[in-house]
Structures are given as structure tokens and as C-alpha cells.
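The values are calculated or read from the model by the stated rules, or taken from the named source; none is laboratory data. What you see is a predicted model, and the numbers here were worked out from it, not measured in a lab. Here Cβ is always computed from backbone atoms with ideal geometry, including for glycine, and neighbour counts include all displayed protein chains. Only protein heavy atoms, including side chains, enter the accessible area calculation; ligands, DNA and RNA are left aside. Shrake-Rupley method; radii C 1.70, N 1.55, O 1.52, S 1.80 Å.
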Amino acid sequence: MKVIVFLLLILAANAKIFERCELARALKAYGMDVDTGVSLADWVCLTNSESSYNTQAINHNTDGSTDYGIFQINSRYWCYDGRTPGRTSNGCNINCSDLLSDDISLSVNCAKIIARQQGISAWYGWINKCKNRDLNPYIAGCGV
């Protein structure tokens, strides 16, 4: 247990926290808006509310699952962490630890899968903080 805590502290110390426009440009380059039909402003708002743009964000849920990375992708449904109790499905066919990388390409690919299957409303952070709001400030001045 001490080793796990130590490793998580090392990961947290090396976390990449994107700037708002930096992330907007990266998501645009990955085609998030085109490939999902969801606006960049929605994605930037979602990642702000879910992880504060932090690639190393981890949240432990009451059901024993864990949310990982900048999009807070859940271990019960979308990735494998070897710790989530009960039935899991690994819908993105990925190890959850891979979602904690500063290279967000794997996280983006998984988020696209989720969005295609369930829409952006699969994320409670988007529902609670972004839905039906003016999201233009999230991409204002970013050149996207």
C-alpha cells in the first residue's frame, strides 16, 4: 500500500495541467469536434469540470470504480485497472493507467468511443456545469 501511495505521489508531481487554450487547440487537432459532433467548447468545459485539465486526475467512486485522467474515464465501463470489483467491460480496451499520460491521444480516443456510444451526457461534470450554458468563454481567444 505504501508503494502505491508513493507512486501516485510521483505521478501527481509530474502531472500535466493544460492551459485552457492549449487544450482547446489539442482537442481541435485530434478532431474531437468533427469526430463526435460535439463542440470544442463543450469538451473544454467538460475537462475543466471533470479534471481541471489535469492529465493525472484520479477520483475514487463509492461503487469501488475509479475515474482516470483528463476526461475522468471510469474503470467499470471503459478501462481496466485490475482493482474495480464486480463486472467490468473495458469498452475502450485500454489499461486505466494509460489514461494518466501527458500524451492525451489514448484518452481522446477513448472519450470519442464514449461520446459515440452515449453522447457527452455520459459525463456528469458536463451535465452539472456545462449543459445549457454559454460555453464560448471556454474557447474565446484560442484561435479554434
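Between Asp35 and Thr62, what is the FRET efficiency for a Förster distance of 22 Å, r being their Cβ-Cβ separation, to the nearest 0.05?
0.10
Scan around Asn74 for amide H atoms under 5 Å from its own, H built in the peptide plane at 1.01 Å from N, and keep only partners 5 or more places away or cross-chain.
Tyr68
Leaving ligands, DNA and RNA out of it, report the carbon-plus-sulfur percent of the accessible area of the chain at a 1.4 Å probe.
52 percent
Please work out the Cα center distance from the stretch 32-62 to the stretch 111-144, rounded to the nearest Å.
7 Å
Would you mind checking the tilt of helix 20-29 against the longest principal axis of the Cα atoms of the chain, expressed as 0 to 90 degrees and rounded to 10?
Tilt relative to the chain: about 90 degrees.
Got a sec to turn the phi values of the stretch 92-100 into Karplus ³J(HN,Hα) couplings, 6.51 cos²θ - 1.76 cosθ + 1.60 with θ = phi - 60°, whole Hz, x for Gly and Pro?
9, 6, 8, 6, 4, 4, 5, 7, 9
Could you put Tyr30, Tyr77, Tyr124 in order of accessible surface area, largest first, with the 1.4 Å probe and the full protein assembly present?
Order by accessible area, largest first: Tyr124, Tyr77, Tyr30.
So for the stretch 30-144, what percent of the C-alpha to C-alpha distances run longer than 25 Å?
Value for the stretch 30-144: 17 percent of Cα pairs lie more than 25 Å apart.
Angle between the Cα long axis of helix 40-51 and the longest principal axis of the chain, 0 to 90 degrees, nearest 10?
30 degrees
At 1.4 Å probe radius, can you tell me the per residue accessible area of the stretch 13-90 in Å²?
Result: 45 Å² of accessible area for each residue.
Quick one: 3J(HN,Hα) in Hz for the stretch 112-125, Karplus 6.51/-1.76/1.60 with θ = phi - 60°, rounded, Gly and Pro as x.
Going residue by residue, I get 5, 4, 4, 5, 5, 7, 10, x, 5, 6, 5, 9, 5, x Hz, with x marking Gly and Pro.
May I have the count of lysine pairs in the chain with C-alpha atoms under 29 Å apart, counting pairs 8 or more residues apart or located on different chains?
Eligible lysine pairs with Cα atoms under 29 Å apart amount to 10.
Check Asn95: other-chain or 5+ apart residues with amide H under 5 Å from its amide H, H built from backbone geometry?
Here Tyr80 satisfy the definition.
So what J values fall out for the stretch 71-86 if you push phi through Karplus, 6.51 cos²θ - 1.76 cosθ + 1.60 with θ = phi - 60°, rounded to Hz, Gly and Pro as x?
Once rounded to whole Hz, the list reads 9, 6, 7, 7, 6, 6, 10, 10, 8, 10, 10, x, 10, 5, x, x.
In the stretch 36-109, which trypsin sites (Lys or Arg not before Pro) are in a loop and have at most 13 other Cβ atoms within 10 Å, using DSSP for the loop call?
Hits after loop and neighbour filter: Arg83, Arg87.
Where does each of Asp103, Asp33 land when they are ordered by accessible area, with a 1.4 Å probe and the largest first?
Asp103, Asp33
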